[in-house]
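Working notes, structure below.
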Amino acid sequence: MKNNKIQKDNRIRQLVKKYEVRRRVLKALIQDLSLPVETRARFAAELHRLPRNASKTRVVNRCILTGRGHSVYRFCRISRIALRDLASKGLIPGLSKASW
């Protein structure tokens, strides 16, 4: 199951990357008040025809090791649990589990 979530996340990220420029251009044209309303409505319809998963808000930060969707560090895309396990095993240089 975790593998499916990781694969789905990768597919969505690729879609976002593929349509990113087109979405930004359409959004800018829709918000340009100097254009006629009919033209802006046509651009809005074209934006709605794009895949839903091409929106950046559909991307979920998931752990690349476990597929966990909560408590994922952005800088390394690893969940807190996986990061702690790797640190305890000494696989992350300069990071150790604190105890006092």
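Read-outs: derived from the displayed coordinates by stated rules, not from any lab. On a predicted model such as this, the values are computed, not experimentally measured, just so you know. Backbone-built Cβ (ideal geometry, glycine too); neighbour counts: all protein chains shown.
Can you tell me the orientation of helix 37-49 relative to the chain, as the angle in degrees between its alpha-carbon axis and the longest Cα principal axis, to the nearest 10? Relative to the chain, helix 37-49 is tipped by roughly 40 degrees. Shown is the FRET efficiency for residue 27 and residue 98, computed with R0 = 30 Å from the Cβ-Cβ distance and rounded to the nearest 0.05: 0.10. Number of Lys-Lys pairs in the chain with C-alpha atoms under 26 Å apart and a separation of 8 or more places or on different chains: 18.
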